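Q: After the structure tokens below, expect a handful of questions from me.
Read the figures in this text as sums done on the coordinates, not as results from a lab. None of these values were measured; they are calculated from a predicted model. In this analysis, Cβ positions are derived from the backbone assuming ideal geometry, glycine residues included, and neighbour counts consider all displayed protein chains.
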Amino acid sequence: MSTATLEKNAAGINTEHRVVRPLTNISDTNTEIIIVCRMPGVDEDSVDVKVEEGTLTISGTLSECIPQSGWTYAETEFANYRRVFKISDGIEESKIEATLKSGVLKLVLPKRVAPSYKIPIKTT
């Protein structure tokens, strides 16, 4: 899924930028949720991960924009990545970890550990 936005480049000319949803895999275990997003072309400085009011937002911008002029034929384009997830109260938001390697962003969302109690049994 993608949408297009118009922005002005340095020369003041409107240019179209696509916003695409990165391909994503999610694994849910007893202790954590792992989210893996493919964001080819992005580097660490151009990726942003935020958690705010139960919403996890992942965004990124291609680090290298290939000039569009001068080519006889070009399939490359400038694109922004964006994906939004609702997360439950059962996630330890302050302990979320993110790593980026070769355009693959991996997020580990640890789940809160619910306390367990032993209930004593009384005899009557």
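Q: As a footprinting exposure proxy, order Lys111, Lys86 by other Cβ within 10 Å, with the fewest listed first.
A: Lys86, Lys111
Q: Please identify which residues in the range 80-124 have an amide N closer than 19 Å to a label point set 7 Å out from the Cα of Asp28, following the Cα→Cβ vector.
A: Residues 84-93, 96-97, 107-114 qualify, since their backbone N sits under 19 Å from the label point.
Q: Let me ask something else. Under a crude label model (7 Å from the Cα following the beta-carbon direction), how far is Asp48 from Val36 in nanometres?
A: Going from the Asp48 label point to the Val36 one covers 2.7 nm.
Q: Arrange the following residues from fewest to most other Cβ atoms within 10 Å of their Cβ: Ile35, Ile26, Ile91.
A: Starting with the residue having the fewest Cβ neighbours, the order is Ile26, Ile91, Ile35.
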